[in-house]
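A quick write-up on the structure given underneath.
Each reported figure results from applying straightforward, stated rules to the coordinates on display, with no laboratory input. Please read all numbers here as calculations on a predicted model, not as lab measurements.
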Amino acid sequence: MTNEAYKKEIIRLKDKLDVTIVAHFYQKDEVFDMADISGDSLQLAQMAMEDNNPYLIFCGVGFMGESVKILSPEKRVLMPKIACCAMARMIDGEHYDTSVALLKKSGIEKEDILPITYINSSAEVKAKVGEMGGMVCTSSNAKKIIEKGLKSGKKILFVPDKCLGQNIAIMMGLKSCVIGDGTDPKESDIICYNGFCSVHQLFDVDDIEFYRNKYDDIKIISHPECKPEVCEASDFVGSTSQIIKYIKELDPEQKVAVGTEFNLVNRLRDKNTYVLSSTKPECPTMNETTLEDLYNTLKSIEDDKITNEVQVEPEVAKWAKIALERMFEI
Ligand code: 13P
Ligand code: SF4
């Protein structure tokens, strides 16, 4: 079938079935255009929770669908592609336990650690964090959540994104380190796990210099998953929805170079917008979802032969939900 034929069928199925299609900003345009709800990770979790339809079709990466299922277990959450965010895959429960054990070796007891996991992590890791009294954060609320965590007087163990952890530490004037970087974690307020997003590693200070030399008045905008030196050299740092809002409020003639995923940057506006890299920064897992996948998922509901349903083990879901709810309380 052609994309046009898929679109027609998807619209027919959307009208017939009690479904809501949810899409992250990094989805391909043709998939994104089919969505009823779009947003950043935090908005998607919130809006999906508030939605009344029994079926949610989540176009994004695994941790996003999983989070919605954990928060709203009564809903049937289907993912056209259960593609796993590469950063989330960098840490599992065993890696998490090893990190806690390494900190103990360095003289930091479990009781003196307040763990915070970026939402880009598996339900298993969220559950471990929840069991240890910790919480989840997203790129739009990480500073607030870390501020709250520090009030406990404990060290923050931040997993899995070292860049987000380091960027918040710089913003707050705090000390941070990365496990295994040779520094004493006892000297740091925020101890980061050595995870990162390979897409956001593509942006460099050299790219910023290139654009600043080319256009005097250009604004450099980056996502907090970018390297600390990139965020420090940027005019604005924010989550995907914060980036969109910031750019919408600028004069349309204002030139911007944006350090985040290609699909989002490409649909921001018609002119004066550049990708902050000479390489196309596409997220491979976000780009896996196609119109055909979306159609097949909807059809599986019509045919009563459901496919790609997100399931989370109850004990894991219980603790992961606690970690997620602590975030929403804040
Ligand atoms: P946002 O929460 O800012 O949408 O980020 C999600 C993500 O995976 C960025 O790479
Ligand atoms: Fe994960 Fe990076 Fe893709 Fe975001 S852009 S979903 S962090 S791999």
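Below, the figures for the structure above:
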{"read-out": "Cα-Cα separations in region 126-186 greater than 13 Å, expressed as whole percent", "value": "63 percent"}
{"read-out": "Ellipticity estimate at 222 nm from DSSP helix runs (n ≥ 4, -39,500 (n - 2.57)) divided over the chain, nearest 500", "value": "-12000 deg cm²/dmol"}
{"read-out": "Whole-number D in µm²/s for region 83-162 (Stokes-Einstein; Kirkwood sum over Cα pairs; 20 °C, 1.002 mPa s)", "value": "169 µm²/s"}
{"read-out": "Spread of Cα-to-Cα distances over 5 Å intervals beginning at zero, given as percent, for region 204-267", "value": "4, 19, 31, 27, 18, 3"}
{"read-out": "Radius, Kirkwood style, for region 5-74 when every pair of distinct Cα atoms is counted (Å)", "value": "12.3 Å"}
{"read-out": "Reciprocal of mean inverse Cα separation for region 1-152 (Kirkwood radius, Å)", "value": "17.1 Å"}
{"read-out": "Spatially proximal aspartates and glutamates relative to K126 (Cα-Cα < 14 Å; intrachain offsets below 8 disregarded)", "value": "E66, D92, E94, D97, D161, E313, E315, E325"}
{"read-out": "Where only alpha carbons of the chain are counted, the Rg and the Dmax (Å)", "value": "20.2, 62"}
{"read-out": "Gyration tensor (Cα) of region 52-130, equivalent ellipsoid semi-axes in angstrom", "value": "31, 13, 7"}
{"read-out": "Distance between region 91-143 and region 146-211 - C-alpha centres, whole angstrom", "value": "14 Å"}
{"read-out": "Over region 178-330, volume per residue of the alpha carbon convex hull, in Å³", "value": "202 Å³"}
{"read-out": "Hull volume in cubic angstrom per residue (convex hull over the Cα atoms of region 171-242)", "value": "117 Å³"}
